[in-house]
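Shown next, in structure tokens, is the structure this report addresses.
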Amino acid sequence: WVQRVNQALGEDRFRLFFQKVLPLSSDEREHYGEVLVRLVDEQGKMVLPMAFIPAAERYQMMPEIDRWVLGATLEALCERSPALADVSICAINLSGQSLCDDHFLSSVVDMLGASSVNPGQICFEITETAAITNLGNAGRLIRQLKDIGCRFALDDFGVGFSSYGYLKNLPIDFVKIDGHFVKDILDDPLDLAIVESINHIGSVIGIRTIAEWVENEAILEKLRQIGVDYAQGYALSIPEPIPAVVQRVA
């Protein structure tokens, strides 16, 4: 997979997909969506990230993939891709390795500086575990990129260290409630309490909440009652391909 990933990067065979996130309140005027990456193999078949990301992580290749995703996303936004129409917040996942890469931050600043895209339209998603494991690096990167207008979301919150203190001390804009708790909130009182607790703390701090793995209308309605700001799940919106930009932006 290491050789295949390197070859795919060299031959520009990664592809972007985009999954819309549903606002749960009529007062929420910002349209959020997440950029996802796929790999096209040598036979032209689409490969999901769970097949190649573990190898890329093991051999320290994630910063290069993260840079490719950011560059391709900026190009699509510059070209006003129909897949991203009406999207005001475009979320991009960052790996823990990118948080620790000395050159990654400067390359992101350079890429954003060379693009006509408003940095406020970019929201970097970092998993809770990656952020806490690399707390110093994460805090430094978040603060420096927020200084130029970028936003941040703490992803998969609740399955890692789960300390509300991190929500208070990391300057993030969104917290994504892990789907393991969301999917059973109708049947499991403990999961419901956890979702309500995370949402309440987020509201007090001023952080908007996003529930993952929302798979039916009943769960969606419960989240509205709780006051969660956004919902994400295959029942609401499936990832759609973003057409590749033919003319590369310098």
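The values are calculated or read from the model by the stated rules, or taken from the named source; none is laboratory data. From a predicted model like this one, the values you see are computed outputs, not experimental measurements. Ideal geometry is used to build each Cβ from the backbone, glycine not excepted, and the neighbour counts take in all protein chains shown. All accessible areas refer to the heavy atoms of the entire protein, side chains included, with ligands and DNA or RNA removed. Shrake-Rupley method; radii C 1.70, N 1.55, O 1.52, S 1.80 Å.
Can you tell me which residue among LEU112, LEU99 is under 18 Å from the mean Cα position of the chain (by Cα), surrounded by 12 or more Cβ atoms within 10 Å (Cβ to Cβ), within 17 Å of GLU125 (Cα to Cα) and modelled with pLDDT under 95? LEU99 is the lone residue from the list that is under 18 Å from the mean Cα position of the chain (by Cα), surrounded by 12 or more Cβ atoms within 10 Å (Cβ to Cβ), within 17 Å of GLU125 (Cα to Cα) and modelled with pLDDT under 95. Residue count for the stretch 36-51 satisfying the condition of being out of contact with any strand residue (DSSP E or B) (no Cβ under 7 Å at 6 or more places or on another chain), among the hydrophobic types (A, V, I, L, M, F, W, C) and open to solvent by less than 90 Å² (accessible area, probe 1.4 Å): 1. In this structure, does PHE104 turn out to be among the aromatic types (Phe, Trp, Tyr), at pLDDT 90 or above and more than 25 Å from GLN232 (Cα to Cα)? So PHE104 passes the test. Look at the stretch 96-117: where a residue is β-branched (Val, Ile, Thr) and a partner is open to solvent by 40 Å² or more (accessible area, probe 1.4 Å) and not in a helix (DSSP H, G or I), sitting 6+ places away or on another chain with Cβ atoms under 9 Å, you get VAL109/ILE148. Filtered by the rule that a residue be open to solvent by 10 Å² or more (accessible area, probe 1.4 Å), over 13 Å from LEU36 (Cβ atoms) and among the hydrophobic types (A, V, I, L, M, F, W, C), the stretch 52-61 gives ALA55, MET61.
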